[in-house]
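Structure record follows, encoded as structure tokens.
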Amino acid sequence: MTDWHWLFGDQLGPHFLAPGTGGPTRDSQVVMIEARSVFRRRRFHRAKAHLVLSAMRHRAAELGGRVRYIRAETYREGLYEALGDASVTVHHPTSRAALGLVRSLEQVRLLPARGFLVPQEAFAAWADERGAGRLRQEDFYRWVRHALGLLVDGDSPAGGRWNHDHANRERPPRGASTLGAPEPYRPDEDDTHHIPRLMLLGSHALQRGWDPRQVTDWFHRCFVAGYDWVMLPNVTGMSQYADGGRMTTKPYTSGGAYIHRMSDLCEGCAYRPGDRAGDRACPFTTGYWSFAHRHRDLLAANQRTARAVQGLDRLGNLEEVLATDRRWDEEAP
Ligand code: SF4
């Protein structure tokens, strides 16, 4: 009887087919399905769609006669077309939707995830031990480094520090020439690094109170990099604080003065990072105070953000700041 194994489009690395306990064997036949419904369910960045489809087709070409490659409307239809009711194994998919699907299909036997350093059960045990509200990424990284002996000297971090957060708060060196990049250097869309995504785009969405689900969807649509398992913790959790603070210690947002200190973006801007009212008020600055005002109670109760509320109380022209911010809400600054 043929032994079938199903590969999703983000399971193309050789380790997904490496023979191992309970997984596919060297003789397993492989099924791959291009489901049009996946691209219809959510708008994709065009380059990301190309990347995924091209990667799947190249992998299928590598596997040659070992693979049955199906184009179908849905995964369910594709699987039926490929195998009828025959049994098939699959490694734990990386999205909740795909996981729900494979669990609902009787012919599918679910195997543990591959491609992660930490098995799911180990993460679950760690999370249970700590409890909701204390799932800090920093603690998890330290635990993983200890457990796997990565970048540690005995009990201490290699190099004496667990992280470089302190250095990251320093003003970066100015000028593209320091990076060896030609002038004028402007990153293209997918070079937009994690920090501008978090510090500018995510911060703006948070300040404006946009729906976190739609913001996450927007990131999916606009960037080539990023899958659910990355976007959900980073956008929904870290950037939009929409998990209520389970993973991070505070909402991540700032006014224009911080952006000015940490970047060269404000030079030449029509707005002034230090202005919080009037025609030249920086929308990040008004947005910051408006956000602090709306969430005063929550921020006052958190020792990492209590100072923002104290600052709010010292402003003296809060009503004017809020009025300016409402203006930026209605007309693009
Ligand atoms: S001053 Fe301009 S560039 Fe600087 S943070 Fe404000 S809007 Fe952005």
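Readers should treat all values here as calculations from the given coordinates under stated rules, not as data from a laboratory. Model, not experiment: these values are computed from the prediction. Glycine also receives a Cβ, built like all others from the backbone with ideal geometry; neighbour counts cover every protein chain displayed.
Quick check on the range 4-111: what are the equivalent-ellipsoid semi-axes from the Cα gyration tensor, as sqrt(5λ), descending, whole Å?
Computed over the range 4-111, the values are 20, 17, 13 Å.
Counting only helical runs of four or more DSSP H residues, what would the 222 nm mean residue ellipticity of the chain come to if each run contributes -39,500 (n - 2.57) and the total is spread over all its residues?
So the helix-based figure for the chain works out to -11500 deg cm²/dmol.
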Take each of the peptides 193-201, 235-243, average the number of other beta-carbon atoms within 10 Å over its residues, and list them starting from the highest. 235-243, 193-201
Taking T253, T248 and counting other beta carbon atoms within 10 angstrom, the fewest-first order is T248, T253
Given the options P273, P233, P119, which has the most mean-square fluctuation in a GNM of the chain, springs set between C-alpha atoms less than 10 angstrom apart? P119
So if I take the centroid of the Cα atoms in the range 69-102 and the same for the range 263-280, what is the distance between those two points in Å? 52 Å
Give me P(r) over the range 256-330, computed from all C-alpha to C-alpha distances, binned every 5 Å, as integer percentages. 3, 18, 25, 23, 18, 11, 3, 0
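Can you run the Rg to Rh ratio on the chain? Use alpha carbon positions and the Kirkwood inverse-distance Rh.
Computed over Cα atoms, the ratio is 1.03.
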Among the GluC sites (Glu not before Pro) in the range 232-333, which ones are in a DSSP loop with at most 16 other Cβ atoms within 10 Å of the Cβ? Mind listing them? E267, E331
With contacts defined as alpha carbon pairs under 8 Å and 6 or more residues apart, what's the relative contact order of the range 1-63 in percent? 38 percent
